[in-house]
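The structure appears below as structure tokens.
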Ligand SMILES: Cc1cc2nc3c(=O)[nH]c(=O)nc-3n(C[C@H](O)[C@H](O)[C@H](O)COP(=O)(O)O)c2cc1C
């Protein structure tokens, strides 16, 4: 019997190769205030993401972007230059990790601003959260972000990493004093993000979202 290659097999081959590529994760550092603690947590998180062969990573640090709060369909050259620092990175992401502190029982305005400036860049992608703050560890910020990201057709990841009274948890070199629990939580989060990212990327390769 002569073996033939079915058309289904031929069309599945590029999709299979695509599915093997590392998932491209963009970490969004949400706080931008003077004297912020965010970079300590960001470095902790990035070290864990970089250990993973199934993930590649890029960073959007909102302290390095100056987007106005007034949205525009025809941004000035100055605003377009700021958007150019962010929009292509968000568009290239297969998945996001939003690093958020808690400000007044919610997330910072800098995050809402970058979210609202974009739309298609979020769509049909998974979003995980790492949070920090005082007593609540930023969890109220995370729960406020979930419905915002639902509106943007994302899938939010169930498990989070949260740092309660974050300032006391890390040494001067940025090492966590008791890393076992946070490391395990980070693994769970990254495993879930990786699964959803792989699932959504594979699905979109087979069929455009919403079609
Ligand atoms: C304006 C403001 C409001 C805050 N509100 C809360 C809060 O409601 N709950 C909480 O647990 N921590 C609160 N904090 C503490 C922050 O979560 C904590 O200082 C955190 O490190 C801030 O992140 P950042 O240093 O990266 O900006 C607040 C801090 C600021 C600056």
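Select from region 143-168 the residues that are under 16 Å from the mean Cα position of the chain (by Cα), farther than 24 Å from residue 91 by Cβ and either more than 16 Å from the ligand (Cβ to nearest atom) or not in a strand (DSSP E or B) (or both) and list them in ascending order. Across region 143-168, the qualifying residues are 143, 144, 158, 159, 160. Listed by first and then second residue, the pairs linking a residue in region 187-211 that is at positive phi to a residue that is modelled with pLDDT of 95 or more, with Cβ atoms under 9 Å apart and 6 or more places separating them unless they lie on different chains, are 210/123; 210/124; 210/153. A single member of 33, 52 is in a loop (DSSP other than H, G, I, E, B), within 16 Å of the ligand (Cβ to nearest atom), more than 12 Å from residue 114 (Cβ to Cβ) and touching a residue at least 24 places away in the same chain (Cβ under 8 Å), and it is 33. Pairing each residue of region 93-108 that is over 21 Å from residue 40 (Cβ atoms) with any residue that is assigned to a strand (DSSP E or B) and at pLDDT 95 or above, provided the two are 6+ apart or on different chains, yields C-beta distances under 6 Å for 93/24; 93/26; 94/23; 94/24; 95/23; 95/25; 95/126. All of 119, 187, 204 fail the test of being surrounded by fewer than 22 Cβ atoms within 10 Å (Cβ to Cβ) and outside any helix (DSSP H, G or I), apart from 119.
For (1) out of contact with any strand residue (DSSP E or B) (no Cβ under 9 Å at 6 or more places or on another chain); (2) loosely packed, with under 13 Cβ neighbours inside 10 Å; (3) modelled with pLDDT of 95 or more, each residue gets a yes or a no:
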{"site": "5", "(1), (2), (3)": "yes, yes, no"}
{"site": "17", "(1), (2), (3)": "yes, yes, no"}
{"site": "21", "(1), (2), (3)": "no, yes, no"}
{"site": "27", "(1), (2), (3)": "no, no, yes"}
{"site": "35", "(1), (2), (3)": "yes, yes, yes"}
{"site": "71", "(1), (2), (3)": "yes, yes, yes"}
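Under the condition of being buried (at least 19 other Cβ atoms within 10 Å of the Cβ), more than 12 Å from the chain's Cα centre (by Cα) and either farther than 16 Å from residue 102 by Cα or in contact (Cβ under 8 Å) with a residue 40 or more places away in the chain (or both), the residues counted in region 122-142 number 3.
The values are calculated or read from the model by the stated rules, or taken from the named source; none is laboratory data. Computed from a predicted model, the values in this text were never measured in an experiment. We place every Cβ from the backbone using ideal geometry, glycine too, and count neighbours over all the protein chains shown.
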